[in-house]
Amino acid sequence: MKKINHGCFLFLFLIAACKKDNPRGTATLLMFNAVTGSDTLVTSFNGTETIRYFKTANRLVYGEVISPYFFNMNGQFNSYAGDQPIVLYNNNDTTSKSQPVFDLQVNLPVSSISSLFLTGSLADPDTLFTRDHLPYHPSTDSSMGIRFVNLSPGNMKLSVNLAGETHGSEVSGLQYKGITGFTNYPVTEGVEEYNYEFRDASNGDLITTFTIDVRNSQSGNFIINQRRYRNYTLMFYGKAGSTGTDKQAVQIMNNN
């Protein structure tokens with residue numbers, strides 16, 4: 001009987017160990033720093049504890065989605081799930097006595113895709129959090145999905161049109177922290193680019209433009225297209241009336 005009991009105990013222990021080793025799964029979180037005056041925000045996923053490894057902590061550069069030069073300057077996170085604390089410090093304020101710019105708690109269900117847009121200013125920070133449901137693009141439908149978000153603080157409403165089209169043809173009257181759904185645009189032979197014009201909805205004044213190149217490219221012996229079957233967010237951000245580094249501009253985020 002003792003041998004049987006020992007064998008059962010060992011069997012149950014192995015089952016428990018196997019269950020413990022199974023990964024619980026993660027979510028995808030995309031983040032963008034549009035906080036005017038911030039330059040760089042340093043992320044911490046351990047609450048307000050002092051950042052121990054500042055050099056390797058992930059940093060969000062103002063107006064940038066990803067830096068091609070530094071591995072830890074990336075706005076996409078894939079290692080977290082569940083109720084997740086997210087604390088962000090201004091680049092020069094990472095000591096134990098520093099106050100974070102953001103002290104947030106977000107829910108990230110396993111396998112979900114979410115976006116966290118950081119906006120406002122250092123004196124008055126703000127956020128926009130979305131749970132994203134990305135459109136599916138079948139192989140028979142050569143297209144990409146585009147949505148728009150207004151991250152420029154203030155009362156100005158935004159309109160967007162394609163070059164040569166009427167004012168507001170794509171977006172009309174998008175207020176601060178407003179975000180649209182995804183719209184499909186053809187990515188087919190003969191279509192080279194989409195040139196979007198961003199305007200003040202109240203008077204039609206042109207603020208800035210953004211062009212998406214959708215042409216095929218050569219990769220070795222293969223013809224590829226980096227835009228086809230994907231979904232993107234065009235983010236309008238910056239301070240109205242500014243002509244400096246925080247002037248109103250547009251950046252693109254890959255949501256896939």
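Any residue in the range 63-81 that is at pLDDT 75 or above and over 23 Å from residue 233 (Cα atoms)? No, that holds for no residue.
Exactly one residue among 114, 98 is in contact with a strand residue (DSSP E or B) (Cβ under 7 Å, 6 or more places away or on another chain), modelled with pLDDT under 90 and surrounded by 13 or more Cβ atoms within 10 Å (Cβ to Cβ), and that residue is 98.
Look at residue 33 and say whether it is loosely packed, with under 14 Cβ neighbours inside 10 Å and either out of contact with any Cys (no Cβ under 8 Å at 6 or more places or on another chain) or modelled with pLDDT of 80 or more (or both). For residue 33, the condition - loosely packed, with under 14 Cβ neighbours inside 10 Å and either out of contact with any Cys (no Cβ under 8 Å at 6 or more places or on another chain) or modelled with pLDDT of 80 or more (or both) - is not met.
What are the residues in the range 212-256 that are in a strand (DSSP E or B), surrounded by 13 or more Cβ atoms within 10 Å (Cβ to Cβ) and free of Cβ contacts under 8 Å to residues at least 24 places away in the same chain, if any? Residue satisfying the conditions is 247 alone. Taken as a whole, the condition of being part of a loop (DSSP other than H, G, I, E, B), modelled with pLDDT under 95 and outside the structural domain of residue 86 (by TED's automatic domain parsing) applies to residue 190. Screening residue 159 with (1) surrounded by fewer than 17 Cβ atoms within 10 Å (Cβ to Cβ); (2) over 23 Å from residue 137 (Cβ atoms); (3) of a type outside the set (Phe, Trp, Tyr) gives one miss only, at (1). Does residue 256 meet the test of being under 23 Å from the mean Cα position of the chain (by Cα), closer than 30 Å to residue 131 by Cα, at pLDDT below 95 and not assigned by TED's automatic domain parsing to the domain that holds residue 122? Taking the combined requirement at face value, the residue satisfies it. Filter the range 171-197 down to the residues that are exposed (fewer than 15 other Cβ atoms within 10 Å of the Cβ) and of a type in the set (D, E, K, R), then identify the one that is farthest from residue 121 (Cα to Cα). Restricting to residues being exposed (fewer than 15 other Cβ atoms within 10 Å of the Cβ) and of a type in the set (D, E, K, R), the top hit is 189. Residue 221 meets each of the listed conditions (1) at pLDDT 95 or above; (2) more than 16 Å from residue 147 (Cα to Cα) apart from (1). When 210, 182, 198 are screened for being modelled with pLDDT of 95 or more, in contact with a Pro (Cβ under 7 Å, 6 or more places away or on another chain) and hydrophobic (A, V, I, L, M, F, W, C), only 182 passes. With 141, 126 as the choices, which residue is acidic (Asp, Glu) and within 30 Å of residue 25 (Cα to Cα)? Of 141, 126, the one residue that is acidic (Asp, Glu) and within 30 Å of residue 25 (Cα to Cα) is 126.
A search for C-beta distances below 8 Å between a residue of the range 144-165 that is on the phi > 0 side of the Ramachandran plot and touching a residue at least 60 places away in the same chain (Cβ under 8 Å) and any residue that is surrounded by fewer than 23 Cβ atoms within 10 Å (Cβ to Cβ) and assigned to a loop (DSSP other than H, G, I, E, B), counting only pairs 6+ apart in sequence or on different chains, returns 154/176; 154/240.
The values are calculated or read from the model by the stated rules, or taken from the named source; none is laboratory data. Bear in mind the structure is a predicted one, so any value in this text is a computation, not a measurement. So basically every Cβ, Gly included, is an ideal-geometry build from the backbone, and we count neighbours across all protein chains shown.
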